[in-house]
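Colleague: Here it is, the structure in full.
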Amino acid sequence: VQPPEKPLQAEEWNKLREDFQSPGIFEEVMLNSMIRCNSPIDVAKSLLTHLAKRDGDIAYNVLVKYLTLCVQQRQVSEICDVYDIMKARFKILESGAYNLLIKGLSNSDQWRMALTLLEEVKKIMIPSRTCYESCIKAASRHQEMKLAFELYDEMLAKDVIPTLDVLQSFFDFSRGMKDAELQKELFDILLYLRENQIYPHKTFMRSIKLWFESIPGGNWRGHLTNIKDSGQCPVCNHQLEDSNLTEEEYSNLSERIIRDVIHGTDTFRKTSPQEFEAFQTFVENRLPFDIVIDGLNVSHIKSRRMQCENLFDAVNCLAKENARLLVLGRKHMLMNSSHWKREIMKEMQNKAEFFFAENISEDDTFLLYATLRSGKHCKFVTRDFLRDHKACLPDSLTRHLFRKWQRGHQISKKNVFPLFFSQQPAFRYDCVVQTTGDTWHIPYKDVFEEKYSYQVPRKWLCIQQK
């Protein structure tokens, strides 16, 4: 439907509606089309006026669509009017309408009204990330940093994960401010990046650099650099944190994971206690391994090839150094099929130990158990991120150790043809945000990635206080 270019009279709207193949949804389709074409607001308003006269009121979903157009065009007085109509007619609104109202108002001089609405939302549900971030940005834009950080802390307390965009805005809006409390809050954001192994992208990294350099009397200077393989920063000569866990950290971590994750609540959802016991006995009799491979996961690396060939290449490549390999397989791999050839499977079993689980088992638990029981040197191969297991760990220190261990022990697949596995050299230094007080080292990526990644960046921002 092509929206009209100017407001129409009632009979003109009626005529358009009659000519439309599904008159029942005419108004919604028309408004969707107005949103897409960014039609003038008075055209949409004439449709709403016509509807109100014809039906005596306007349906909720039609109001929300009109509101979308108002927010898109920053029509503040219209947004306020729609809110008044909605408030009078509906006891509570759903999250989509609240998101729109808060977003629309926070971008205007009526931004404090958005805060009032946020309070209203809190009474009925946990506000969405959009609601929180719209209010945070509005407060930051008006230099009310204390308020912005209160909202941010509240958001984290409710497990609403912030976007990199809002984290960057804190650094952008705090430039040039001399305020010890504010400085501490921004340092905490950097520690949040460390804690969650988040790598800022280039523009976010630049905002961090500019903020440091703008602190009055701070004498901070930032330089972009690549860290030497030894872990030394060429700019400030500082030695970065070692990527290896100490013996004590390792034994604490493996104890925690075996207790909280493996024997925790979710282990046996996808495997039976008998099967897991059999696996434990199997592992204990053959320890230690050098590399544990998630066979099914690795077999899908290249979709155009037979699954057993993918796995065969991986095993061949990893067995070169006389490493002791354990491959976690599934029973169906033993059935001769188009993807699993018996002779290839036999050949692989000469080069690696295999444990074949039931076809419904969850591999992660097996993978973690065998790797941790093998000791500090043992690495593992999977394309999964083991995200769920991190969530089972109760405190931030253990989560940090888990990520650090994962960074040093997960062999990632890089699709370098003809080699599947270029074992990413385990760095001697730990690739996360780190600080000594008068230096900060921040690893960053060239491009924006919203998802968590265990592939570590090679570029660093070194900031030091002169």
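The values are calculated or read from the model by the stated rules, or taken from the named source; none is laboratory data. Nothing here was measured: the structure is a model prediction, and the numbers come from that model. Heads up, the Cβs are rebuilt from the backbone with ideal geometry, glycines too, and the neighbour counts pull from every protein chain shown. These area figures cover heavy atoms from the full protein model, side chains too; ligands, DNA and RNA do not enter into them. Shrake-Rupley method; radii C 1.70, N 1.55, O 1.52, S 1.80 Å.
Colleague: May I ask you to compute the full-extension gain from Phe448 to Val29, defined as 0.36 nm times their residue separation minus their alpha-carbon distance, rounded to one decimal in nm?
Modeller: On the way: separation 419, 0.36 × 419 = 150.84 nm, distance 3.46 nm.
Once the chain is fully extended between Phe448 and Val29, it gains 147.4 nm.
Colleague: Quote the charge dipole size of region 89-206 about the Cα centre in Debye, to the nearest 20; the model charges only the Cβ of Lys and Arg (+1) and of Asp and Glu (-1).
Modeller: 300
Colleague: Tilt of helix 111-124 relative to the longest C-alpha principal axis of the chain, in degrees (0 to 90, nearest 10)?
Modeller: Helix 111-124 sits at roughly 60 degrees to that axis.
Colleague: Any idea of Ser303's accessible area? Nearest 10 Å², probe 1.4 Å.
Modeller: Taking all protein chains as shown, Ser303 has close to 110 Å².
Colleague: Add +1 for every Lys or Arg and -1 for every Asp or Glu among the other residues with Cβ under 12 Å from the Cβ of Leu8, and state the total. Mind dumping the intermediate values first?
Modeller: Details: positive: Lys6, Lys15, Arg17, Lys45; negative: Glu5, Glu11, Glu12, Asp42.
Taking every other residue near Leu8 into account, the sum is 0.
Colleague: If you don't mind, there's one more thing I want to ask. Have a look at the DSSP beta bridges in the chain and tell me what percent are antiparallel, nearest 5. Provide the component values of the computation, followed by the final result.
Modeller: On the way: 17 of 32 bridges.
Roughly 55 percent of the DSSP beta bridges within the chain come out antiparallel.
Colleague: Placing +1 on the Cβ of each Lys and Arg and -1 on the Cβ of each Asp and Glu in the chain, which of Ser95, Ile136, Ile79 has its Cα farthest towards the positive end of the resulting dipole?
Modeller: Highest projection toward the positive end goes to Ile136.
Colleague: To continue, here is another question. Which GluC sites (Glu not before Pro) in region 314-398 sit in a loop by DSSP (not H, G, I, E or B) and have at most 11 other Cβ atoms within 10 Å of their own Cβ? Walk me through the numbers on the way to the answer.
Modeller: On the way: sites: Glu321, Glu343, Glu347, Glu353, Glu358, Glu362; in loops: Glu321, Glu358, Glu362.
Here the GluC sites (Glu not before Pro) that fit, given the DSSP loop and packing criteria, are Glu321.
Colleague: What does the net charge come to around Phe26 if you take all other residues with beta carbon closer than 15 Å to its beta carbon, with K and R at +1 and D and E at -1? List each step's numbers first, then the result.
Modeller: On the way: positive: Lys15, Arg17, Arg54, Lys65; negative: Glu11, Glu12, Glu18, Asp19, Glu27, Glu28, Asp55.
Charge balance near Phe26 sits at -3.
Colleague: Could you tell me which of Thr281, Ala314, Trp405 has its Cα farthest along the dipole of region 247-422 towards the positive end, charges placed at Cβ (Lys, Arg +1; Asp, Glu -1), taken about the Cα centre?
Modeller: The residue sitting most towards the positive pole is Ala314.
Colleague: How much area per residue is accessible in the chain when the probe is 1.4 Å and only protein heavy atoms are counted (Å²)? Don't skip to the end; give the middle numbers.
Modeller: On the way: 22480 Å² over 466 residues.
Averaged over the residues of the chain, the accessible area is 48 Å².
Colleague: Is there a quick way to get the dipole size of region 247-422? I mean about its Cα centre, with the Cβ of Lys and Arg at +1 and of Asp and Glu at -1; what is the value in debye to the nearest 20? If you can, show how the numbers build up before the last one.
Modeller: Values: 28 positive and 24 negative charges, 146 e Å.
Result for region 247-422 is approximately 700 debye, rounded to the nearest 20.
Colleague: Per-residue accessible area for Tyr192 at 1.4 Å probe radius, Å² rounded to 10?
Modeller: Rounded to the nearest 10, the figure is 40 Å².
Colleague: Using heavy-atom solvent-accessible surface (probe 1.4 Å) with all chains present, what is the largest-first order of Cys431, Cys80? Please report the intermediate quantities before stating the final value.
Modeller: On the way: Cys431 5, Cys80 25 Å².
Order by accessible area, largest first: Cys80, Cys431.
Colleague: Related question: What order do Cys70, Cys236 take when sorted by accessible area (1.4 Å probe), most exposed first? Don't skip to the end; give the middle numbers.
Modeller: Working: Cys70 0, Cys236 30 Å².
Reading off the accessible areas and sorting them downward yields Cys236, Cys70.
Colleague: List the GluC sites (Glu not before Pro) within region 79-122 that fall in a DSSP loop (any state other than H, G, I, E or B) and whose Cβ has at most 14 other Cβ atoms within 10 Å.
Modeller: Working: sites: Glu94, Glu119, Glu120; in loops: Glu94.
Answer by residue number: Glu94.
Colleague: Calculate how steeply helix 273-284 sits against the longest principal axis of the alpha-carbon atoms of the chain, using the helix alpha-carbon long axis, and give the answer as 0 to 90 degrees to the nearest 10.
Modeller: 50
Colleague: While we're on this one: Quick check on the chain: helices-only [θ] at 222 nm, where DSSP H runs of length 4 and up contribute -39,500 (n - 2.57) each and the sum goes over total residues. Nearest 500, please. Don't jump to the answer; show the numbers that get you there.
Modeller: Details: 20 runs with 237 residues, N = 466.
After summing the helix terms and dividing by residue count, I get -15500 deg cm²/dmol.
Colleague: Separate question: What is region 235-357 by shape, rounded, prolate or oblate, if you read a ≥ b ≥ c off the alpha carbon gyration tensor as root eigenvalues and call it rounded for a/c under 1.5, prolate for a/b larger than b/c, and oblate otherwise?
Modeller: Values: a/c = 2.10, a/b = 1.33, b/c = 1.58.
Oblate, since a/c reaches 1.5 and b/c is not below a/b.
Colleague: When Kirkwood radius over Cα pairs in Å is calculated directly from the model, which label among [x] 26.6; [y] 24.2; [z] 28.1 fits?
Modeller: Among [x] 26.6; [y] 24.2; [z] 28.1, the one derived from this structure is [x].
Colleague: Under a point-charge model restricted to the Cβ atoms of Lys and Arg (+1) and Asp and Glu (-1), what is the dipole moment magnitude of the chain relative to its Cα centre, in debye to the nearest 20?
Modeller: Numbers: 64 positive and 63 negative charges, 246 e Å.
Dipole of the chain, to the nearest 20 debye: 1180 debye.
Colleague: How large is ³J(HN,Hα), in whole Hz, for each residue of region 460-466 in order, when computed from phi with the Karplus curve 6.51 cos²θ - 1.76 cosθ + 1.60 and θ = phi - 60°, using x for Gly and Pro?
Modeller: Rounded to whole hertz, the list is 9, 10, 9, 10, 10, 9, 7.
Colleague: Turning to a different aspect of this structure: With a 1.4 Å probe and all protein chains in place, put Glu241, Glu150 in order of accessible area, largest first. Let's see the in-between values first.
Modeller: Values: Glu241 60, Glu150 95 Å².
Largest accessible area first, the residues go Glu150, Glu241.
Colleague: Considering only protein heavy atoms, what is the solvent-accessible area of His409 at a probe of 1.4 Å, reported in Å² to the nearest 10?
Modeller: Number for this one is 20 Å².
Colleague: In nanometres, what is the gap between the two model label sites at Ser396 and Phe20, each 7 Å from Cα along Cα-to-Cβ?
Modeller: With each label point 7 Å from Cα toward Cβ, the separation is 5.2 nm.
Colleague: List the pairs from Lys158/Lys404; Lys15/Lys53; Lys228/Lys466 whose alpha-carbon separation is above 19 Å, in the order I gave them. Write down the numbers at each step before the final one.
Modeller: Details: Lys158/Lys404 25 Å; Lys15/Lys53 16 Å; Lys228/Lys466 22 Å.
Among Lys158/Lys404; Lys15/Lys53; Lys228/Lys466, the Cα-Cα distance tops 19 Å for Lys158/Lys404; Lys228/Lys466.
Colleague: Counting other Cβ atoms within 10 Å of each Cβ, which GluC sites (Glu not before Pro) in region 1-57 have at most 16 and sit in a DSSP loop?
Modeller: Values: sites: Glu5, Glu11, Glu12, Glu18, Glu27, Glu28; in loops: Glu5.
For GluC sites (Glu not before Pro) across region 1-57 that sit outside H, G, I, E and B with at most 16 neighbouring Cβ atoms in 10 Å, the list reads Glu5.
Colleague: Now, a different point. Out of Val29, Gln9, Pro40, whose Cα points farthest toward the positive end of the dipole of region 5-46 (charges: +1 Lys, Arg; -1 Asp, Glu; placed on Cβ)?
Modeller: Pro40
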